[in-house]
1. In nm, what is the difference between 0.36 nm times the number of residues separating Gln218 and Asp350 and their Cα-Cα distance?
2. Under 8 Å for C-alpha pairs, at least 6 residues apart: give me the relative contact order for the range 36-129, rounded to a whole percent.
3. To check you understand DSSP bridge types, tell me what percent of the beta bridges within the chain (both residues inside) are antiparallel, rounded to 5.
4. Would any residue of the range 433-463 have its amide N under 17 Å from a label point 7 Å out along Cα→Cβ of Asp36? List them or say none.
5. Assuming R0 = 60 Å, what is the FRET efficiency of Ala474 and Asp187, from their Cβ-Cβ distance, to the nearest 0.05?
6. Starting from the amide H of Ala554, placed 1.01 Å from N in the peptide plane, find each other amide H under 5 Å away whose residue is 5 or more places distant or on another chain.
7. I'm spelling it out carefully: the read-out is volume of the Cα convex hull per residue in Å³, the candidates are (i) 165; (ii) 205; (iii) 239, and one was derived from this structure. Which label?
8. Can you give the extra length, in nm with one decimal, that the chain gains between Asn83 and His711 once fully stretched, where that is 0.36 nm per residue apart less the Cα-Cα distance?
Amino acid sequence: MKISQAPAVLATLVASFAPLCAKVYKQRISPNWAPDGSWMCYQNDLPGGAREFVLVDLKKGVRQRAFDHKRMAAALKQAGAGNPTAIQLTLDQLQFDLQAGTTTFRFHGKWFLCNLSSYQIEQTEQPPARKLSEAEEVKKQPLARLRAYRASRDLSPDGKWRAFIRDHDLWIRENLEDGEEIRLTRDGTENNRYEAPFWAPNSNNLISFRVQPGDIGQVHMVASSPKEGGRAKLHSRRYALPGDKFTSHELNWFDVARQEQKRPEGGLIDFRGPRLRWTMDGRHVRFEKIDRGHQRFRVVELDLFTGKARNIIDEQSDTFIWTEHALRLGMEKVNWLQGSQEILYLSEKDGHRHLYLVDVNSGSMKPVTTGEFVVRYIDRVDEEKRQVWFRASGRNKDQDPYLIHYYRVNFDGSGFTSLTDGNGYHEISYSPDRKFLIDTYSRVDQAPIHELRRVSTGELVCKLEETDISELLATGWEPPEVFSARGRDGKTGIWGIVCKPTDFDPDKKYPVLEDMYAGPHDSYVPKRWSPGRRYSTWTDLGFVVIKVDGMGTANRSKAFHDVCWQNLKDAGLPDRILWHKAYAREHSWYDISRVGIYGGSAGGQSSTGALLFYPDFYKVAVSSCGCHDNRMDKASWNEQWMGYPVGPHYGESSNIDNAHLLEGRLLLIVGELDSNVPPESTMRLADALIRARKDFELVVVPNGGHGGGGHHGHRKRVDFFRKHLLGMEPPNYNQPE
């Protein structure tokens, strides 16, 4: 069946723009807090252009209209301030004196004082600016930073010795005109040379790294169609692949008086360069060591006077320790506290990502947070009160385990306080004195709800507002449906959303599209409410669109996360298929005989992998800018999940090595100048498919970067799914309407 463009485009535009014209009310609160902490007020915009002002007595915990809007309008008119209407008062910068029962505000550029008992109004002067609270003053002040020891790279602290490099070896010379020279090393070479050392404060000991350069190859891209015209252009750059030799830094310690050299244990750094952290007295230096393959992480301390090394932290794992591409955590994995010899440490070592307090001197590690939930973000570390303010998910067992809540806990694990409670994804804002917070929470299927809560206990002070979406609902807008089903282990919840066609009819059968991304560095199903029509590009065409977080992605337990280990081809696909089947059992219109899947980058790898490894379920895929073989993509990302050294498991997860398994319909899209995933990954998959005598389609976008191919790629993607899932032949776009 062929389709005409015009009716489809018109129907899409009509359906898409109706919700855009609808207004949403009370979605956000912009508070004005009292200087003395006694009240808070805000303004609500209402249907029909109306406006209301709300006052909250913070001491009584009472929310009410700030004043009688009709009487205020009448009083302003009587005072000669124009002819305002009660429902559209434009009052700015309101302030209240609850004891005196008055309010001050600006109206049409003038300041007024109103008695809220008599509604007598008089013009007044602008009130003085609000003084900053103590908490705000503290926040404004820059943190006092202790001055760390700065090790000399040349002259010893006592001025007696000068260090230098000669013929790749480390030497020292008496700092005299004809001073004696001492050769400290004899194994430096051009490809394994010593670098300028660091002197200890005693001027007798020093350390130097012997550096062996890595062997990192290049990736090449051809710009076939330069904008300025002329010949095609070759773009080449260094690009580390899994298994490449990285630059290594070997730590060496020296004692000048004894002319002794040691190589301390744990001193060979071959992932990242050394980042040294000196103690104030300069006697000790600390550094992080990530073993290649991410199965051991250490914080090492070296005593420069003795040459002895010890591990402050030494974490080991049979799978991986997450050190690379950890997004939005709010602090480093290792957070050194300024006011004590302690570290706050983030780790998944006990089954979920938690916070630990490490005693630097003893190396003892005690949990700050514990339980079956995931610490997601560190908002604040208060060293004076020894408290951590943080966000986490999964602690509320009757809620979606990805929903963010806010908490506070003491360094010793005591005083654990939930600052939020409602069933939703929470976002909060504090009063200037941090005694109160406004908690706004929502879900994809629940518009925002606003509450006022007490910071000290997290208890509810009063409910503020619920977002009014009546106009939006009147357009026929519907939120996505949240659905969860059991994963492959029969017990773990797998969560996703379902977006139905615009003109949904439960008596029809609808093909399904899965938006695929399963990179282990995050989770991806939307959790917050939006007035937009998610996936309307597809639902307007008659597709059901779903998005799911399967096993192997982040923000659940370590066991959930570990599914990706040395097995990126898994991509949670067994869980996704079970999810599809569970939903189909409850909804007869959900046609799992017609399931398509699409994704880009890691999602490009997984969408193609769905066809290769699960051909009985997935029938059609469009894969953009895919990482089709983890040996051909960036080392930092792929070694984090696939490990090191590169072994047969890399080939087992390779779409290229498994191209012969293709049964479904596949469209590949790649930009020839993709600077993220080398485009050769897609081209080699195409080559493997051709050699395996498989049929597929390939779109190469001249000058295209990392993405879906722009407008042309989108059109090809739409037509491909319509053809193979709806049986609709694409129109001839080259013919004028």
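1. Length difference between fully extended and current span is 43.6 nm.
2. Reported relative contact order: 18 percent.
3. Roughly 85 percent of the beta bridges in the chain run antiparallel, per DSSP.
4. Inside the label zone: 433.
5. 0.15
6. The answer is Asp522, Ser523.
7. Label of the calculated value: (iii).
8. Full-extension gain reported as 220.9 nm.
All of the numbers you see were taken from the coordinates with simple rules; none came from a lab. As the structure is a computational prediction, the values presented were derived from the model and not from experiment. As a convention, Cβ positions derive from the backbone with ideal geometry for all residues, glycine included, and neighbour counts pool all protein chains shown.
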